Structures are given as C-alpha cells and as structure tokens.
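Engineer: Sharing a structure below in structure tokens format, with a few things to ask.
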Amino acid sequence: MTDRTPPTSRAEHDGAHRAAPVLSVRELKTQYPVHRSLVGRLLGQPKRTVHAVDGVSLQVDAGEFVALVGESGCGKTTTVMSILGAVKATEGVIEVNGTDIADVSSRDMLSIYRQMQMIYQDPYGSLDPRFRIRRTVEEPLLVHGVGSSKRDRTRLVSAALESAGLRPADLYMDRFPHELSGGQRQRVAIAAALILNPALLLADEPVSMLDVSVRASVLNLLDTLRRERNMAVVMVTHDLSTAGHFADRIVVMYLGRVVEEGPAKEVLRNAQHPYTRALLSVVPQPDPRDRSTPQTLTGETPNPIDIPTGCRFHPRCPMAQEQCRTIDPTLARPASVSISGHRVACLLAT
Amino acid sequence: MSEPILDVRDLNVWFELPSGRELHAVKGVSFALGAGEVLGLVGESGCGKTTTILATMGLLPSSAEVSGEVRVDGADTLSGGEDSVRAHRWTDVAMVFQGAMNCFSPVRTIGDQIVEPMKYHGLAKGDAARQRAGELLEMVGIPASSAQRYPHEFSGGMRQRAAIAMALACDPKVLLADEPTTGLDVMVQAQILELLSGLAQSLGLAVVLVTHDLPVVAEVCSRAAVMYAGQIIEMGAVDDLYHDSHHPYTRLLFAATPSLLGDDVVASIPGTPPRLDQPLTGCSFRERCDSAMDVCATLSPALITVGAQHSAACHLNAVTSDRGTRVALDGDVTPEALQ
C-alpha cells in the first residue's frame, strides 16, 4: 500500500508532546508577472507568470537544521524570501511560531522579524562598509528598541560577537568590514542576526563565498548556536555534501516544488526521486577513488513560465513513463521506505 | 612523462604596492604537463593560483615584476616581453577566464566573438572563420546554428561552453581554465568538467585547471599542485594527495571538505594566511599548522621529492626521510623535485 498522505498532514510526524513548529509553510505559491511592453499588450500578448514557488509545504521545529537544496532557479531562495516577507507570497500560509504572517499588519511585522532573522550569501556586500562592526551588530537592537542604555547595548553587542566566535569582542567592535576576512565578516552577520535571539534563522548560501578552510568553522558555529539556543535553521544551499554534514533534514526542490524530503542521511543514502539521484551522482568527491559515474541530465531546468504538464521533471527524467506526462505526483512516503518523514513526489517510487 | 607541452620553471611574481612595499605573490612556482594531461592548481583565495596562470599568459599589469621561464612546446615565451608572448597567446596557450561566461559582449553574436581571435591572428576570415566557429561550437556541444544567437539567449552553462569554444579558436596546445565551474550548478558543472576532460583527451590538449574546489580536482585531474601563500607546497597524483599527503595543509584542507556520505567531522583550519607584503621567515603555513616544530619558524622548507612524482615542502618529511634531511635543511629546491 502506498502512503499518499497530503503534504500538509502531520500524520507521519512522531511524538505526542510535540511543540508547535517554529515555521510552518503550507502550499506556498509565489509568482511574478512577466513584463509585457505596451505594444505587446496592445497586440494582445497573453499575460504570463513565472511560477517561482509552486506549492511548497515545509515545517521546521525548534532546534532543527533544515537544508533546502536544488539548482538555481528551483525556487529555494524565493521560498526563503517569501517566508521573510521580502517577496509577497501569492498563495499559501506562512506561520511563524503559530502566527500567520498574512494576518499581521505591516506595523506589527516588527514583532515577527524579531523572531526571524536572515544571513545572506555575500558577507562582502551585506555589511555596510561605512558602519563600524559595533554599529552593524547594534542596529537590530535600535530597530526593535532593545537595551535601555548605550552601555546595555554594548554589553549585548559584545556578547553577540563573542558567541559568534569573534573573541575578544573589543578587538572587533570598532573595526570596519574591510579590515576583516570573509569568514570574520560572516561571523559579524551571524552576530547581528542572533543578537535578538530569534527562534528561526534563515541562511541563503551562507558559506559559498568563503574559503574552504573557514567554511566548516562558520557552519559548525551555526550548528552549535542552534543547539544551545534551540533555534530553527533553514539553510539554502546547492552543496549536498554540506547539507548532509550539517542538516538534520534535506528538502530537495525542483522547479518550484519539493520533490523529495527526509532525514539528511536517509535522503543521501536512499534517494528515491530520479532527480535527487541524478544530483547526487554529479557531486564531486574529495577522494579520487570515489569518482562518480555522473548521470548528467540533458538540458537545464526548464523556465518556470511554461511548467511541463504532469510531473514537472518528466522531460529530463531518465525513467519517465507515459503516465508521468499527465499525472502530477504528490509528496508521499513510498511503501518501500521505512524511515518516517522521507517523502517523494514521484509516480515510480512505490 | 614525455616531453612537456607546458613547462613553467621557477616563476616569481612581485607586485609593487602604492605604499612602495613589494608583494611577493608567486614564489618559485614550477610545474610541467604533457599533452592530454589535466593538472589541477588548487588553493584558497589569495594563494597566487590565478596570478600564476596570468603570468604564464603574459597578462599581468605592468606594475608586476615577473621572473622565471615559461616554455610552451619548447619555445621560451616570456623572455622577450610582450612581443614574444603575443605570438603564442591564444595560438599556443589559451585561457578560459574566471567568470568568462559573463564576459561576452551583449551586442554581438556569439559566432562573431568566437571568430575574433582567428581574425586577429590572421588564421581565418570570412566564411572560413564562420564555418570554423560553427565547428567549435559543435565541439563543445552547442549546435552550429547557435552562432547567430546573442549571449543573453544562452544559459550560463552554454555561455561557459562558448567561452571554451572561443579559447579553442586558434587550436592551442595549452588551455588554462580559471575556476571554470564556479557559479554554475552541480549538474552543469559536471557537464563542463566532462567536456574539459574530453577535450584534453581528444585534442591532446594540456589543461591547467585552477580551482579552490578539491573535489573538482579529484574528479578530473590526474595530478595536482596545492598552493599556499604563493608557493606550491605539495604536488603529486591526486590519489597520493588524498591518501598519502605529505603536507599538513593538504591534509587539513581535505579534512575541511565534506564528502557526500562520510561521517567524519568537518574541521576548519584556524587562522588566516600570512600577509605577502611583509617578509616571512620560516614556513608560511607554520602559524596554522597542527604539527609545527622549532625549525619551521626559522627555515623555509624546500619542495622535496617524497615519492614517485610526488613532492612536498614540509620539514616533517625531512625528519622522516633520511635521504631528504640535508636537502630540505639546505633550503634548496632539488631538480628531481620539479620533475
């Protein structure tokens, strides 16, 4: 029997005394209209839409580290931007600590932002070059009116820098971003994101711009902090090896949809979706004896304006069958998979 | 190895800084590779890998002082300055620049731009050149008819293929590829790497692959040189570098690289590389090294042979190998280490 639980159901999740998830996204759709010129409009060109995120559901618990993986254009960054409210979701529900952010007035969004912070990819671009480190890290306190006095805020800034591994904090406080290395800058960004003690941290490719030798330290830092603070982390990455090492759960996206998700090691060792398998087969391995036999997919991800019918992966799928052209598979746990929480959107995974 | 196609010997590059200080960016780098071989040049940002290949192409700005020898198929290219380099650039040694896929002019067709080096070197023009552009595109897996399309009509992966086609326009013997897959998705990365190793095989092209990504090197290169602070600190077969590393930096770099299914702890390397605009004594890696000894603070280790086609610059090897001891402590580069 196949277990075709709808994606929103919590039937598969275990634990009776489970607290409400920190983040709950249900059937999120984010679309952008394609610009038509005046002439185009007059000539009656049809209205077209980019389906950047096309029905994504995601739950993240306190203390959980989730990696959102996929190729560029799969909608992973748009998903995070929609959660953050930086991009307006077209449809669907986004709840942060039980509050539906669509119900929150823009004035009250400040209280949501206090629970949810973001780290960007480029630590060279995300810090204001004219701000001393002290000011960058202090800014969230000023915005949210935290800390009664300058001295109080300085104490908090100092503690945040030290917990981000910049010790002693005094050494960094009055420096400018250009005086710091890439890894140190990303630690400053982390300090600024964590100073309000958020329940949820969103990170978009947080280490891809950093040197290999410092990547691990930044990721280990995130890992330690989420354990210490029971903070939920959603990390967008294209690097499956990193996801496997640091995340509890991996969510694989393709063309605006989740095609496979589950516990990190399970997804890597027992991938069910042909797309996940193909992705895994092309990840280069550091040990030359583990050279992969790449299953390179032909072509590139189709554009999200004209999404293929049926399973959206079928035009590139090496296993596609007739039914895949017409039936759009839902995310469910195949009968052959015993690990709870491992779900796949593929008609052939049974 | 048969006669090397590209032979770089004792290459040094200094940049003069506005402050008047000199920055020694590349220090005595030597490597050689034969036809059909793909050599990896790995290291982190600022280690001198890009400067090394730009110097090989004679493309450094005039503020750079370069010493050493670059031989392409036996011919000395650097000694005569720009005049002698120009005759070899693109016809013998071509390059895929970092971010090359974003370097096409948006207002000219891809075909038009691929034809340009052929025209410049007087190798082909008119219909013959256009025909050749089509063949080059086919060679990198793009239909010849796409020559009439503009860069914005190509995806990132296709533009990178077109950049490779452009590098092959004048039938070079050596291809220098600077981070050719950075910024591309894993799937496209795999396709480009497959293309590069295929071209090396089919055209007998000597390829130098510059990257910060160890797994990429492990995937496509037979040999690799690891650079740190302007020097090659270890060079050998990729299998030896991974399984029988003779330099702590190589070992730590691999330990910092997660593998897909491994459960090993991924550990960062503490500290930062030394500043190259200040005089260095001893080993450039000693401050970050987990096995530094007293001698490392005073003597710079030379690159010595530690195995078949395997050399490393670390005093630990001198301690463990009787034969290497004197050589290493003399601080001389042994000729056999360069083979």
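Engineer: Between residue B:176 and residues 5 or more places away or on another chain, which pairs have amide H atoms under 5 Å apart, with H built 1.01 Å from N, and which residues are they?
Structural biologist: Under 5 Å from the amide H of residue B:176 lie the amide H atoms of B:94, B:95, B:96, B:208, each far enough along the sequence or on another chain.
Engineer: Return the sequence-ordered ³J(HN,Hα) values of the stretch A:163-175 in whole Hz as given by the Karplus equation 6.51 cos²θ - 1.76 cosθ + 1.60 applied to θ = phi - 60°, using x for Gly and Pro.
Structural biologist: Using θ = phi - 60°, the values come out as 6, 8, x, 9, 10, x, 4, 4, 5, 9, 2, 9, 9 Hz.
Engineer: May I pose another question? Determine the distance separating the Cα centre of the stretch B:241-267 from the Cα centre of the stretch B:161-187; give it in Å without decimals.
Structural biologist: After rounding, the separation between the Cα centres reads 28 Å.
Engineer: About the Cα centre of the stretch B:168-236, how large is the charge dipole given +1 on each Lys and Arg Cβ and -1 on each Asp and Glu Cβ? Please answer in debye to the nearest 20.
Structural biologist: The calculated dipole for the stretch B:168-236 is roughly 240 debye.
Engineer: Which number comes out as Rg/Rh for the stretch A:45-113 once both Rg and the Kirkwood Rh are worked out on C-alpha atoms?
Structural biologist: 1.00
Engineer: Here's another thing I want to ask about it. Only residues of the stretch B:128-143 count here: report those whose backbone N is under 20 Å from the spot 7 Å along Cα→Cβ of residue A:298, or say none.
Structural biologist: Answer for the stretch B:128-143: B:137-143.
Engineer: Can you divide the C-alpha Rg of the stretch A:155-238 by 2.2 N^0.38 Å and report the result to two decimal places?
Structural biologist: Rounded to two decimals, the normalised Rg is 1.04.
Engineer: Tell me, A:110, A:42 in order of fewest to most beta-carbon neighbours within 10 Å?
Structural biologist: Result, fewest neighbours first: A:42, A:110.
Engineer: Along its three principal axes, how long is the stretch A:226-322 when you only count alpha carbons? Whole Å, largest extent first please.
Structural biologist: So the three principal-axis extents are 49, 36, 21 Å.
Engineer: Another question, if that's okay. When the expected Rg is taken as 2.2 N^0.38 Å, what fraction or multiple of it is the alpha-carbon Rg of the stretch B:136-228?
Structural biologist: Working: Rg = 13.3 Å, N = 93, 2.2 N^0.38 = 12.3 Å.
Against the empirical 2.2 N^0.38 Å value, I get 1.08 for the stretch B:136-228.
Engineer: Still on this structure: If you line up the Cα atoms of the protein assembly as shown on their principal axes, what length do they span on each, largest first, in Å?
Structural biologist: 72, 67, 52
Engineer: To the nearest 20 debye, what is the magnitude of the charge dipole of the protein assembly as shown about its Cα centre, counting +1 on the Cβ of each Lys and Arg and -1 on the Cβ of each Asp and Glu?
Structural biologist: Values: 64 positive and 79 negative charges, 437 e Å.
Value, rounded to 20: 2100 debye.
Engineer: Per residue of chain A, what 222 nm ellipticity follows from adding -39500 (n - 2.57) for every DSSP H run with n ≥ 4, rounded to the nearest 500?
Structural biologist: -8000 deg cm²/dmol
Engineer: Also, quick follow-up: Per-residue counts of other Cβ atoms within 10 Å, averaged by peptide: what ranking do you get for A:246-259, A:171-184, highest first?
Structural biologist: Listed from highest to lowest mean packing, they are A:246-259, A:171-184.
Engineer: Give me Rg/Rg_expected for chain A, where Rg uses Cα atoms only and Rg_expected = 2.2 N^0.38 Å with N residues. Before the final figure, lay out each step's value.
Structural biologist: On the way: Rg = 21.5 Å, N = 350, 2.2 N^0.38 = 20.4 Å.
Dividing the Cα radius of gyration by 2.2 N^0.38 Å gives 1.05.
Engineer: Going by C-beta contacts inside 10 Å, put B:199, B:176 in order with the fewest on the left.
Structural biologist: B:199, B:176
Engineer: Still on this model: Under 17 Å Cα to Cα from residue B:119, which aspartates and glutamates show up? Leave out anything in the same chain fewer than 8 places away.
Structural biologist: Residue B:119 reaches B:92, B:127, B:135, B:171.
Engineer: Sticking with this structure for a sec: Taking every Cα atom in the stretch B:1-56, find the radius of gyration and the maximum pairwise distance Dmax, and write them in Å.
Structural biologist: Spelled out, the Cα radius of gyration and Dmax of the stretch B:1-56 are 13.4, 45 Å.
Engineer: Might you report the magnitude of the Cβ-based charge dipole of the stretch A:113-158 about its Cα centre, with Lys and Arg at +1 and Asp and Glu at -1, to the nearest 20 debye?
Structural biologist: 300
Engineer: Taking +1 at the Cβ of each Lys and Arg and -1 at the Cβ of each Asp and Glu, which of B:232, B:204, B:221 sits farthest along the dipole of the stretch B:179-261 towards its positive end, judged by Cα position relative to the Cα centre?
Structural biologist: Comparing the listed Cα positions along the dipole, B:232 ranks first.
Engineer: What are the ³J(HN,Hα) values, in whole Hz, obtained from phi via the Karplus relation 6.51 cos²θ - 1.76 cosθ + 1.60 with θ = phi - 60°, for each residue of the stretch A:333-350 in sequence order, with x given for Gly and Pro?
Structural biologist: 8, x, 4, 6, 9, 9, 7, 6, x, 8, 10, 9, 9, 8, 5, 8, 7, 10
Engineer: Further question on the same structure: Taking every Cα atom in the stretch B:1-134, find the radius of gyration and the maximum pairwise distance Dmax, and write them in Å.
Structural biologist: Values for the stretch B:1-134 (Cα only, Rg and Dmax): 16.9, 52 Å.
Engineer: Reachable lysines from residue B:49, Cα under 26 Å, same-chain residues fewer than 8 places away excluded?
Structural biologist: B:27, B:173
Engineer: Rounded if a/c is under 1.5, else prolate if a/b beats b/c, else oblate: with a ≥ b ≥ c from the C-alpha gyration tensor eigenvalues square-rooted, which is the stretch B:236-322?
Structural biologist: Oblate shape, in that a/c is at least 1.5 and b/c is the bigger or equal ratio.
Engineer: Also, I was wondering about something else. Kindly identify chain B as rounded, prolate or oblate by the Cα gyration tensor criterion: order the square roots of the eigenvalues as a ≥ b ≥ c, call it rounded if a/c is under 1.5, otherwise compare a/b with b/c, prolate if a/b is larger, else oblate. Don't skip to the answer; put the middle values down first.
Structural biologist: On the way: a/c = 1.99, a/b = 1.64, b/c = 1.22.
Prolate, since a/c reaches 1.5 and a/b exceeds b/c.
Engineer: I would also like to ask the following. Report the one residue of B:75, B:87, B:97 whose Cα lies farthest in the direction of the positive end of the charge dipole of the stretch B:45-113 (charges on C-beta: Lys and Arg +1, Asp and Glu -1; origin at the Cα centre).
Structural biologist: The Cα lying farthest towards the positive end belongs to B:97.
Engineer: If you don't mind, another one. Report the net charge of residues surrounding residue B:270, where surrounding means a beta-carbon distance below 15 angstrom and charges are Lys +1, Arg +1, Asp -1, Glu -1.
Structural biologist: On the way: positive: A:167, A:187, A:215, B:251, B:286, B:288; negative: A:211, B:44, B:287, B:290.
Surrounding charge for residue B:270 is +2.
Engineer: Exposure proxy check: B:254, A:131, B:285 ranked by fewest other beta carbons within 10 Å? Write down the numbers at each step before the final one.
Structural biologist: Numbers: B:254 21, A:131 15, B:285 24.
Going from sparsest to densest Cβ surroundings: A:131, B:254, B:285.
Every number here is computed from the coordinates shown, using simple stated rules; none is lab data. Here the structure is a predicted model, which means the values were calculated and not measured. Every residue, glycine as well, gets a Cβ built from its backbone with ideal geometry; the counts of neighbours run over all protein chains shown.
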